[in-house]
Structure formats: structure tokens, C-alpha cells
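What follows is calculated from the coordinates using simple rules that are stated; it is not laboratory data. Note that this is a predicted model, so its numbers are computed, not measured. Please note: Cβ atoms are built from the backbone with ideal geometry, for glycine as well, and neighbour counts cover all protein chains shown.
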Ligand SMILES: Nc1ncnc2c1ncn2[C@@H]1O[C@H](COP(=O)(O)OP(=O)(O)O)[C@@H](O)[C@H]1O
Ligand SMILES: [Mg+2]
């Protein structure tokens with residue numbers, strides 16, 4: 001097992017920069033999610049780490065050993081593909097045995113290791129089946145067993161759960177996490193599902209157009225996004241745009257919004273503020289004056305979506321639709337068309353540079 | 001489930017019948033009728049067409065067993081078929097692999113065209129072109145002598161290798177095409193999965209790609225082996241005196257000796273032998289695939 005360092009890696013296909021100066025430090029034994037929209041370079045980055053493709057510039061090291069020019073079969077990595085890529089001409093057990101067998105391990109060693117790996121993914125009795133006789137979730141487990149049986153230094157997964165339906169995906173998320181903890185392997189997990197990234201990983205890296213937008217623990221990225229893109233891609237956010245006042249912004253209509261987090265920006269520059277929908281309080285407009293230093297906006301409820309444990313309100317305000325999520329506490333619900341006051345603390349507001 | 005499937009396929013067949021009818025009619029007229037005429041001839045003492053008296057006989061089939069020459073030639077033809085098939089695999093499979101897995105876009109199309117070209121050229125033109133290349137003082141001889149500092153004599157014309165070269169050239173496109181199709185269907189991620197597990201390219205080839213492309217290899221081999229065993233054009237033109245094979249003897253019966261009954265009988269013996277070989281080989285091959 002080992003950590004992985006990616007330093008200033010760039011990779012172009014023709015004129016298109018698929019990776020642009022990406023640096024990430026993947027800690028030993030950590031579970032790392034690479035998140036980004038389709039075409040943002042996630043697969044390309046994973047392929048550089050795996051060794052299927054080599055970077056134009058930059059360095060990659062696994063366990064402190066420089067590997068940029070080492071071919072994939074010498075890197076001692078395990079990889080799980082989105083389409084599972086099980087060998088259809090072999091039984092499940094032979095699929096799992098493949099890595100040990102090409103290495104020339106003794107038959108008895110292979111047999112016990114394969115059984116242990118299949119037991120770990122809870123497929124101990126299905127070794128004799130062919131891949132086409134398995135369900136999607138079972139194939140996924142076989143692919144995982146095959147990837148970890150060789151005791152690789154790092155486990156790479158490219159949208160491994162993308163082909164599964166929702167319920168199965170949640171099962172597999174828990175399962176994958178359990179196995180990863182059990183063997184303590186450094187894991188790099190590509191996904192475009194933000195919920196998956198949030199729930200599974202110790203750290204998340206967000207990619208956009210080949211660049212690393214932000215990386216860190218999921219809580220940090222969620223609470224302290226550094227760009228509008230990070231704020232809206234990981235979770236939901238209300239974005240206000242205006243001119244910087246130093247510690248907040250002034251909206252075009254003159255209303256000030258104070259932000260308790262984010263960089264200090266020069267006053268007058270274009271800037272925006274992000275607020276999570278669940279951080280905003282919503283109440284009927286009583287006309288009472290505000291005595292706190294909360295941010296306050298008035299608007300009108302245009303729509304309410306009831307989801308059992310919570311309700312989502314869409315509030316129209318100065319041509320902008322704001323989203324507010326309220327936990328179901330049994331309190332009175334607001335009707336559509338009602339005039340309301342929105343209220344949230346500066347600590348829940350993140351100042352962002354424009355763009 | 002199975003019953004449902006059977007019902008569905010039966011009703012499917014009924015509605016498909018009008019569509020299939022022309023094809024079956026054509027098969028009957030074009031293959032079944034002439035073939036049954038040939039079966040009929042093979043049991044006759046002489047052709048009924050010439051007005052001579054004729055009778056039913058097993059003599060044409062007996063001739064094969066009474067003269068060792070026919071068996072010798074049949075064995076030589078089977079060996080020829082085997083060798084040509086092997087050479088087609090050796091040349092065609094790597095070509096198909098490069099086409100399917102290495103080349104992309106324009107260059108793939110260009111190379112594909114080069115491989116298919118012999119298909120589209122006339123068989124005789126192809127064979128006589130080889131004659132010009134292989135004979136003494138021919139293109140190969142002249143070219144090699146122009147390059148090499150010492151004098152060598154290349155005269156492959158009228159030899160067994162010439163027959164092999166001509167046949168391989170004619171039939172290798174079948175192998176390239178069938179293998180290309182199966183290789184094309186193998187997902188590249190299987191190759192990558194193999195390599196990520198520590199296998200070299202060669203190990204991936206041996207353990208994953210070749211087993212998965214077996215159906216293409218088998219189909220190509222069957223498409224090549226069967227006609228080569230009965231071939232006569234290449235052996236006659238490129239083989240000369242050494243080019244007497246089972247196929248050329250059959251041809252002689254039809255075009256030179258006009259002993260159609262014997263020619264027909266020899267053909268059906270060949271057909272039977274080939275079918276037996278395929279029947280013996282198929283369980284082995286099925287296990288391999
Ligand atoms: N082999 C390649 N040749 C040309 N362009 C490629 C190749 N691989 C990826 N790309 C391009 O690089 C960009 C990033 O692709 P990818 O890493 O697959 O994105 P993601 O996995 O995030 O969806 C895309 O615009 C894609 O078209
Ligand atoms: Mg991808």
C-alpha cells in the first residue's frame with residue numbers, strides 16, 4: 001500500500017487540454033473521490049495514474065517511486081472498470097485468479113487467495129459460474145475481488161457503480177467502503193455523482209475542464225466552496241451576484257449581504273455569495289424590524305415541494321428564484337403566493353470571486 | 001419461459017415464411033437440383049446425355065478404393081489444405097489484430113482496402129501475376145539479384161511453395177475478415193483489465209484475446225480449408241508437374257476426360273471426408289472456444 005502523488009500533470013489530445021497542470025496528493029490508505037462533470041478529465045487522470053496513458057508533462061509517484069514512464073503492468077495497481085471488464089471466457093474464480101496466475105504463483109496459493117477474495121466480497125460460493133450468469137451487482141463484486149486479490153498498492157475505480165440501479169448502488173457503496181476499510185488500501189474513486197462523493201470519501205477533488213477546481217474533505221468543500229462551480233456542483237446553493245463590499249456584496253438593488261467566510265476581496269470588484277438552501281430560515285412577513293445582524297431578504301413563495309422529512313420552497317425575489325429547504329418540525333407550512341422573509345447568518349454565507 | 005420462446009419462434013416462423021420463400025426457392029434451384037443431378041451421375045456407368053447406354057453402378061466409388069493414387073492425392077490435398085490454413089492464420093491473424101486494435105480511422109480504411117483487394121481481382125489475373133513474380137528471370141529473381149552482391153537463382157515457378165503462395169494469397173482475406181470481426185467485438189477494456197492485473201501484452205494475447213477470437217479463427221479456417229482441399233486452379237498453373245492434387249484430378253474428369261460420373265463420385269468422397277474431419281474437429285474446437 002502506498003500514497004500517490006500527482007504533480008503538475010498535463011495531458012493534451014491534439015489542441016484539447018484534457019488535463020491542465022493538475023496536482024493532488026492522495027494519502028496512504030485514504031478514500032479519495034474525483035468528482036466532475038462528463039468530459040472534465042476524470043478518466044484521463046485515472047488513466048495517467050494507472051499507466052494506460054502517459055502525461056505530456058508532470059510527475060506521478062506511487063509509494064514515493066516515480067512511475068510516469070512505467071507501463072501499467074509494472075505499476076502494481078488494481079483497477080475496476082465501469083463495464084466491469086470481466087473475461088467472458090473464464091469462470092468467476094479464473095477471473096479472480098488471473099492476476100496471481102500471470103505472476104506465476106503456485107496453484108495452492110492461488111486457490112486460497114481467490115477463495116479469500118471471493119469471501120471478502122461475499123461471493124464465496126459462485127466461483128464456478130461464468131460472468132454472464134451473474135447479476136450486475138455480483139459482477140461488480142467479482143471485478144473488485146479480481147482487482148484486490150493481487151494486493152495492489154492503490155485501487156482505482158472509474159465510475160464503478162454507474163451501471164447499477166439506485167438501491168443496488170447504495171448497497172455497493174456501503175460494501176465498497178467496508179472492504180476498503182478492511183484492507184486499508186489507498187483508493188481513488190471517479191464519479192460524477194456528488195452524493196456518492198460526499199458519502200463515501202475522506203477527500204474530494206473537483207475537476208472542471210481538465211483543471212482541479214478545489215480539493216479537500218467533503219465537509220470543507222461543502223461548507224467553504226472556493227468557486228461558484230464548486231458550490232453548485234457539490235450540493236445545492238443559492239448564488240447572489242453583485243459588487244464586493246470587502247466582507248460581503250451589495251446586490252444591484254442596493255441590499256447588502258454579509259459573508260462570514262471566503263477570501264477578502266477588494267471593494268467594488270464583481271463578486272458573489274453562496275448560501276446552502278438548508279441554512280436559510282423562512283417565515284411569514286410580519287413587517288417587524290430586524291434587530292439581528294442576519295442577512296434578510298423579502299420574497300414571495302412561488303412553489304412548495306413536500307418530501308416528507310422536509311419541504312423545499314421556491315421563493316421569487318427580484319427576478320431570482322431562491323431555494324429554501326425546511327425540516328419537517330410540524331410547524332405551520334407556508335402557502336404558495338405568500339409574502340415571506342428569508343433570514344440567515346453571515347456565518348452561513350461564503351464570499352466567492354466572480355466567475 | 002422455454003415454452004413461450006418456442007411458441008414465439010413458431011409464430012415468428014409462420015409470418016416469416018413469405019419472406020423466406022424466395023430464398024428457399026433459389027436454394028432449391030441453384031444448389032439442390034444440380035447437386036442431386038451430380039449424386040445421380042455418380043452412380044452411373046456413363047452420361048445419359050451422349051445417347052449411349054447407361055446403367056447404375058457403384059464402380060465410380062469403388063475406383064477410389066481400388067487405386068492407391070486417389071488416396072495419395074487426397075492426403076496430399078488435405079496436407080495442402082492444412083498448410084495453407086496455417087499460413088493464413090500466421091499471416092491473417094496478426095493483420096486482423098493490427099486492423100482491429102492498433103489502427104484507427106483513415107489508415108485502417110486504407111489497409112483494409114489493401115487486404116480486400118485480392119478478393120476483388122480476377123482469380124486468373126492473380127495467379128498469372130504470381131507466375132510472373134516467381135519464375136526464373138521474373139520479378140522476384142531480378143529484384144533480388146539487383147540488390148544482392150552475389151548471383152542467386154530464384155525459380156519458384158512450378159513448385160509446391162508456389163502453389164502455397166498462390167493459395168495463401170487468394171484465401172488470406174477470409175481469415176483477416178473473420179478474425180477482424182471477432183477481434184473488433186472484444187472490448188478494449190478487457191485488454192486493459194488484463195494489463196492492470198500485471199499481464200504483459202503477450203500474456204493478454206494468449207489468455208484473453210486468442211481464446212475470445214477462437215470463433216473467428218475457426219470460421220476462417222473452415223472457409224479456407226474446405227475449398228483449398230478441392231482447389232485446382234492454383235495447383236495447375238503455379239504447380240505445373242508438381243501440381244497434381246485431388247482437385248486437379250476431379251477437374252480432369254470434367255473438362256479433359258469427360259468422365260463426369262467418376263468426377264462426381266470423387267467430389268462426393270471429398271465432401272464426405274471433409275464433413276467427417278469437421279465433425280471430429282468441432283467438439284474439440286467447441287471446448288477451446
Ligand atoms: N484518447 C483520447 N483522444 C482524444 N480525446 C480524448 C481521449 N481521451 C479523452 N479525450 C478527451 O478528453 C476530455 C476528458 O475526457 P475524460 O477524461 O474521459 O472525461 P471524464 O472521464 O471526466 O468524463 C474529453 O473532452 C475527451 O473527449
Ligand atoms: Mg470518464
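Could you check how many percent of all C-alpha pairs in the stretch B:1-160 are farther apart than 28 Å? Mind showing how you got there, number by number?
Numbers: 8144 of 12720 pairs.
Above the 28 Å cut-off, the stretch B:1-160 has 64 percent of its Cα pairs.
Would you mind ranking B:40, A:189, A:81 by Cβ crowding within 10 Å, fewest neighbours first?
With the fewest neighbours first, B:40, A:189, A:81 line up as B:40, A:81, A:189.
Output the relative contact order of chain A, whole-number percent, from Cα pairs under 8 angstrom with separation of 6+ residues.
Across chain A, relative contact order equals 16 percent.
Using r as the Cβ-Cβ distance of residue A:247 and residue A:119, and R0 as 56 Å, what FRET efficiency do you calculate, to the nearest 0.05? Present the calculation step by step, with values, prior to reporting the outcome.
Details: r = 57 Å, r/R0 = 1.02.
E(calc), rounded to 0.05, equals 0.45.
Please report, to two decimal places, log10 I(q)/I(0) for chain A at q = 0.07, 0.12, 0.13 Å⁻¹ as given by the Debye formula with identical point scatterers on the Cα atoms and no solvent.
-0.40, -0.93, -1.02
Assuming 0.36 nm per residue, please report the length gained on full extension of the stretch residue B:181 to residue B:257 beyond their Cα-Cα distance.
Net length gain for the segment: 23.0 nm.
In terms of the ratio Rg/(2.2 N^0.38 Å) built on C-alpha atoms, what value belongs to the protein assembly as shown?
So the protein assembly as shown has a normalised radius of gyration of 1.44.
Using Cβ contacts closer than 10 Å as the measure, can you line up A:87, A:54, B:32 from fewest to most?
Numbers: A:87 21, A:54 15, B:32 11.
If I rank by nearby Cβ atoms, fewest first, I get B:32, A:54, A:87.
Give me the distance in nm between label points sitting 7 Å out from Cα along the Cα-to-Cβ direction at residue A:305 and residue A:12, one decimal.
With each label point 7 Å from Cα toward Cβ, the separation is 4.2 nm.
Return the single residue from A:337, A:30, A:63 with maximal mean-square fluctuation; model: Gaussian network over chain A, springs between Cα atoms under 10 Å.
Among A:337, A:30, A:63, the largest mean-square fluctuation in the Gaussian network model of chain A belongs to A:337.
In whole Å, what three semi-axes, largest first, describe the equivalent ellipsoid of the stretch B:67-288 built from its Cα gyration tensor (square root of 5 times each eigenvalue)? Intermediate values should be presented prior to the final figure.
Details: eigenvalues 232, 134, 43 Å².
Equivalent ellipsoid semi-axes, largest first: 34, 26, 15 Å.
Using Cα pairs under 8 angstrom and six or more residues apart, how large is the relative contact order of the stretch B:67-288, in percent?
28
Take the Cβ-Cβ distance between residue B:65 and residue A:69 as r, set R0 to 51 Å, and report the resulting FRET efficiency rounded to the nearest 0.05.
The pair residue B:65/residue A:69 has a calculated efficiency of 0.15.
Dividing the convex hull volume of the alpha carbon atoms of the stretch A:158-213 by its residue count, what do you get in Å³ per residue?
Taking the convex hull of the Cα positions in the stretch A:158-213, it is 89 Å³ per residue.
Can you compute the modelled spin-label distance between residue A:316 and residue B:120, with each label point 7 Å from Cα toward Cβ, in nm?
Once both label points are built, they end up 6.6 nm from each other.
Going by how many other Cβ atoms sit within 10 Å of their own, how do A:125, B:45, A:245 line up, fewest first?
A:125, B:45, A:245
Report the calculated FRET efficiency for residue A:347 and residue B:188 (r = Cβ-Cβ distance, R0 = 45 Å), to the nearest 0.05. Could the numbers behind the result be given before it?
Working: r = 51 Å, r/R0 = 1.12.
The calculated FRET efficiency here is 0.35.
Calculate how steeply helix A:136-148 sits against the longest principal axis of the alpha-carbon atoms of chain A, using the helix alpha-carbon long axis, and give the answer as 0 to 90 degrees to the nearest 10.
Around 70 degrees separate the two axes.
Please give the helix A:107-120 orientation as an angle from the longest Cα principal axis of chain A, in degrees from 0 to 90, rounded to the nearest 10.
Relative to chain A, helix A:107-120 is tipped by roughly 20 degrees.
How far apart, in nm, are two points set 7 Å out from the Cα along the Cα-to-Cβ line at residue B:33 and at residue A:292?
The answer from the label model is 9.7 nm.
Cα centroids of the stretch B:135-190 and the stretch A:83-98: how far apart, whole angstrom?
Computed from Cα coordinates, the inter-centre distance equals 38 Å.
For the stretch A:49-162, what relative contact order do you get, as a whole percent, if you take Cα pairs closer than 8 Å and at least 6 residues apart?
On the way: 156 pairs, mean separation 43.5, N = 114.
38 percent.
Beyond 16 Å, what share of the Cα-Cα pairs of the stretch A:236-353 is found? Please give it as a whole percent. Don't jump to the answer; show the numbers that get you there.
Numbers: 4103 of 6903 pairs.
That tail contains 59 percent of the Cα-Cα pairs.
Compute the acute angle (0 to 90°) between the alpha-carbon long axis of helix A:92-102 and the principal axis of greatest extent of the alpha-carbon atoms of chain A; round to the nearest 10°.
Helix A:92-102 sits at roughly 70 degrees to that axis.
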